[in-house]
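Accompanying notes for the structure given below.
The values are calculated or read from the model by the stated rules, or taken from the named source; none is laboratory data. As the structure is a prediction and not an experimental result, all values here were calculated from the model. When the accessible area is computed, the model is the full protein with side chains, heavy atoms only, and any ligands, DNA or RNA have been set aside. Shrake-Rupley method; radii C 1.70, N 1.55, O 1.52, S 1.80 Å.
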Amino acid sequence: MVEKRTVGDSTLEIAPLALGGNVFGWTADEKASFAILDAFVDAGGTMIDTADVYSAWVPGHTGGESERVIGRWLRRDPAKRDKVVIATKVGFMAGLAPDTIAPACDASLERLGIEAIDLYYQHKDDESVPLADSLRAFDALVKAGKIRAIGLSQFTAPRLAEAMDTAAENSLHKPCCLQTWYNMVEREKLEGELRDTALAHGLGIFPFYSLANGFLTGKYRDKDDLDKSPRGLRNVEYLEGRGPRVLDALDAVSAETGQALATVALAWTMAQPGITAALASATSVAQLAELTAAMDLRLTAEQIARLDAASAELEVAGEL
């Protein structure tokens, strides 16, 4: 039985892996996307994470492609709706002016073909809009029954604290979670002030880039490997510093558990303080299997300690 975790102080309960929808309608066509979504639910997965901007960066796309694929999948098998938590986001393209939020929500609802979005994120902080204004617009959507819970994505610690205080001071529905960049080779992006702030406010944390652009799968071990994928060059910085020793530690735990490196890396992430679910995407069912396996992998305290030491920003004194 897959573990369920509550998202902050919301009523949402989910498995500890959230399936990223950025690939749907892009690097995974509709047939592949449907197969991935079916396999994810069959493995005990529950949360599907998308955004209205996915995949506007592709020539000929305008955004909303991922939501449409998910909507068609839900319409093909309506019984799946009760098995999944749908998260989507607004604000990456047009910002968070209050008069843009409600129409964007309605458009997402139509593309997804659902009556309410389970978790609706401010996709990134928009400092040109007072937090009271954007949070009030989200509060109105909760009261209208169009969204169930509110999330924040890509906020700094000070702005996160300000958002939570603003919601409390104005008696608005409070955000229940934070989505942010975090993985074994970039721990400092969350650990410290940002995580402390999130935990102080009772927020669930959803890390994206959990596999560091594929580096933590072991696909890129030297510069000759960077040509294996269009995203390969993004991994060049990981080949230095802690990157090689993280892969060595993952290799060792992989050998001990019989699980893929990606599985081990995600299991480590899921075991970190404050993490509700790790975010990861797949372009095939075979790739997905390595991700969903992490929901059932329980690393030992000793294995986690070894991975912690290998992924620390600086090696332990005496081991330099």
*Provide the per residue accessible area, probe 1.4 Å, for the stretch 165-300, rounded to a whole number of square angstrom.*
41
*asked:* Can I get the semi-axes of the stretch 70-151's equivalent ellipsoid? Compute them from the C-alpha gyration tensor as square roots of 5 times the eigenvalues, in angstrom, largest first.
replied: 24, 12, 10
*Rank 103, 130, 59 by mean-square fluctuation in a GNM of the chain with C-alpha springs under 10 angstrom and give only the top-ranked residue.*
59
*Compute the relative contact order of the stretch 211-251 as a whole-number percentage, counting only Cα pairs closer than 8 Å that sit 6 or more residues apart in sequence.*
35
*asked:* Order 73, 26, 181 by their accessible area, 1.4 angstrom probe, all chains in place, largest first.
replied: 26, 181, 73
*What is the chain's relative contact order, in percent, from Cα pairs under 8 angstrom and six or more apart in sequence?*
19
*the stretch 189-249 - convex hull of alpha carbons, volume per residue in Å³*: 100
*To the nearest whole percent, what portion of all C-alpha pairs in the stretch 21-163 is separated by more than 24 angstrom?*
30
*Per-residue [θ]222 nm for the chain (sum of -39500 (n - 2.57) over DSSP H runs n ≥ 4, rounded to 500)*: -11500 deg cm²/dmol
_Helix 243-257 axis, angle to the chain major axis (alpha carbon atoms, nearest 10°)_ = 90
*Compute the Rg to Rh ratio over the stretch 3-71 from the alpha carbon atoms, using the Kirkwood formula for Rh, and round to two decimal places.*
1.03
*asked:* Please report the carbon-and-sulfur percent of the accessible area for the stretch 52-95; probe 1.4 Å, protein heavy atoms only, DNA, RNA and ligands left out.
replied: 57
*Enter the mean projected area of the convex hull around the alpha-carbon atoms of the stretch 50-99, in nm², rounded to one decimal.*
4.3
*Overall form of the stretch 180-320 per C-alpha gyration tensor (a/c, 1.5; a/b vs b/c)*: rounded
*Per-selection metrics, the chain (Cα): Rg and Dmax in Å*: 19.3, 59
*Semi-axes of the stretch 77-223's equivalent ellipsoid from the Cα gyration tensor, sqrt of 5 times each eigenvalue, largest first, rounded to whole Å?*
27, 21, 14
_Taking only the Cα atoms of the stretch 101-146, how large is their convex hull per residue, in Å³?_
71
*Counting only C-alpha contacts under 8 Å and six or more residues apart, can you give the relative contact order of the stretch 1-49 as a whole percent?*
43
*Long-range amide H contacts for residue 150: which residues qualify at under 5 Å (H placed 1.01 Å from N, peptide plane, sequence gap of 5 or more or a different chain)?*
120, 176
